[in-house]
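J.: Before we start, here is the structure in question, set down as structure tokens.
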Amino acid sequence: MSILRPFKATDMFKFNNVNLDIWTETYSIGFYLHYLSRWPDLCYVQEAPSRRMMGYVIGKAEGQSTEWHGHVTAITVAPEYRRLSLARKMMSLLELVSDESYRGFFVDLYVRCNNAVAIQMYEGMGYDVYRRVREYYGNLGVGKGGRDEEDAFDMRKPLSRDSARRSVRSNGRDIVVSAHEVS
Ligand SMILES: CC(C)(COP(=O)(O)OP(=O)(O)OC[C@H]1O[C@@H](n2cnc3c(N)ncnc32)[C@H](O)[C@@H]1OP(=O)(O)O)[C@@H](O)C(=O)NCCC(=O)NCCS
């Protein structure tokens, strides 16, 4: 049986099979260490019985006042382990901790506008587009579909503290902001 456990610094020695993926960003070592030391309860690994890494999620808590929220910085599952509900379980855990430990108002994330699989997954989990961020990802250039490769959807899901659902809106795809307007 595979296990969902906290992300350890030594996991960086064995995440190549997961990170060698066009949709998955690889950050600097210091970036991961910052997350693991600051938000260890929002960083998890799914590990196979063979100890092979199946996927991971890293997140943080940030914002002021009613913008206080959990944030999914990266979630990824190795191709051979997809469609086993691993991402669903990692997202559920991050949402639970953001809700019950951090008392955030919502969870949010950024996703490339052309990452149809991930967008469909997030919508199925109750996330809505809050706004479109122009050129959030500035490294792919403008593709055939306009700026979908570079633009991000900022997607949000309200938590129990936001029972009035003030953190989401229905027309988010029509709200376009530039990258320097978001933190
Ligand atoms: C997106 C990703 C994390 C999904 O991981 P996963 O473990 O396969 O997802 P799950 O099995 O938990 O799927 C949850 C739901 O998402 C949807 N979904 C996931 N993959 C899908 C696909 N290829 N096609 C259609 N729907 C899909 C389904 O509704 C699924 O529920 P179901 O299996 O009960 O129908 C994985 O495809 C991945 O690592 N992609 C590359 C990295 C990436 O894009 N990360 C997100 C960046 S913001």
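Bear in mind these aren't lab numbers, they're just calculated from the coordinates by the rules spelled out. If you're wondering where the values come from, they're calculated on a predicted model, not measured in any experiment. With ideal geometry, Cβ positions are generated from the backbone for all residues, glycine too; neighbour counts draw on all protein chains shown.
J.: Under 10 Å, Cα contacts only: if you run a Gaussian network model on the chain, which one of D151, D41, D11 comes out with the highest mean-square fluctuation?
T.: Of the options given, D11 has the highest mean-square fluctuation.
J.: Also, quick follow-up: Quick one: grab Rg to one decimal and Dmax as a whole number for the chain, Cα atoms only, in Å.
T.: 16.1, 46
J.: Per residue of the chain, what 222 nm ellipticity follows from adding -39500 (n - 2.57) for every DSSP H run with n ≥ 4, rounded to the nearest 500? Write out the running numbers ahead of the final one.
T.: Values: 4 runs with 38 residues, N = 183.
Helix-only estimate at 222 nm: -6000 deg cm²/dmol.
J.: Also, quick follow-up: Give me W23, W68, W39 ranked fewest to most by other Cβ atoms within 10 Å of their Cβ, as a rough exposure proxy. Walk me through the numbers on the way to the answer.
T.: Values: W23 12, W68 16, W39 21.
In order of increasing Cβ crowding within 10 Å: W23, W68, W39.
J.: Report the dimensions of the stretch 39-147 along its three principal axes from the alpha-carbon atoms, largest first, rounded to Å.
T.: For the stretch 39-147, the Cα spread along each principal axis is 42, 40, 24 Å.
J.: Can you sort V57, V176 by how many other beta carbons sit within 10 Å, fewest first? Numbers along the way, then the final one.
T.: Working: V57 24, V176 12.
Listing V57, V176 from fewest to most nearby Cβ atoms yields V176, V57.
J.: Also, I was wondering about something else. State the extension gain, in nm to one decimal, for the chain segment bounded by T10 and T66, taking 0.36 nm per residue of separation less the distance between their alpha-carbons. Before the final figure, lay out each step's value.
T.: On the way: separation 56, 0.36 × 56 = 20.16 nm, distance 3.55 nm.
Extending this stretch completely gives an extra 16.6 nm.
J.: Which whole-number percent is the relative contact order of the stretch 1-102 (Cα, under 8 Å, 6+ apart)? Mind showing how you got there, number by number?
T.: Values: 151 pairs, mean separation 27.2, N = 102.
Relative contact order of the stretch 1-102: 27 percent.
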